[in-house]
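Structure first, then comments.
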Amino acid sequence: MSKQEMRKELAALSFTEKVKILEKLRDRSLAIAAGGLIGTPPPVKIYCEHGAWTNKIKELRRSGRVAVLHFAYDSSSRAYKAKVAAASQARICDLNLRINELPCCIDDYTESSRFWEILSTVGEANRRDALQVDSAFKAGCVAFVTPDSHILDRKTELERLLGVRFFHPSEDRNLELFIAGLL
């Protein structure tokens, strides 16, 4: 259709029809912007264990470059401001939450397709570590920051299995460079 034909067609529309078209265009524009196609890229998701909350991670979160996630599997895991990650196959005894504090339905506490491989990798004695790694995987995190040697000693296997990068809190410069490479 030529520009002239388009103009004639638009001129023939009623005011109400023109408003509807403009509303659809506005909604489409908002949807594109929300999807990250216009403007700044969406933040990169990282999982941060309770003992890994560093000044660099706080700075990255404040800058909007990362969204920090966690799940309350450990007793001190409520000590920082982070979004709640996807729940894994946790039992009530695995959680550091009261029933009325659960962030999702009991039915949502299911493992990912990789949970049993994660558990096998970190060892059954480290079930909470496996739950945290699985929560990060389910939430779509690209990085996992932890001081936990049960996880870091097996980071090569876990990275190969999940496609998630693992960092010690002291490697915050490496984490920042990794994130910068994704943006």
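Throughout, read-outs are computed from the coordinates displayed, never taken from laboratory work. The shown structure was predicted, so the numbers you read here are calculated from the model rather than taken from an experiment. No Cβ is skipped: glycine too gets one built from the backbone with ideal geometry, and neighbour counts run over all protein chains shown.
Checking the a/c ratio against 1.5 first, then a/b against b/c, what shape does the Cα gyration tensor give for region 114-168? The shape class here is rounded. Summing charges over all other residues whose Cβ lies under 13 Å from the Cβ of SER149, with Lys and Arg as +1 and Asp and Glu as -1, gives -2. Spin-label model, SER149/GLN4: points 7 Å from Cα along the beta carbon direction are separated by 8.2 nm.
Taking 0.36 nm per residue of separation and subtracting the Cα-Cα distance, full extension of the segment from LEU13 to ARG160 would add 47.1 nm. Subtracting the Cα-Cα distance of ALA125 and LYS58 from 0.36 nm times their residue separation leaves 21.0 nm of extension gain. The Kirkwood hydrodynamic radius of region 140-182, based on inverse pair distances between different Cα atoms, is 10.5 Å.
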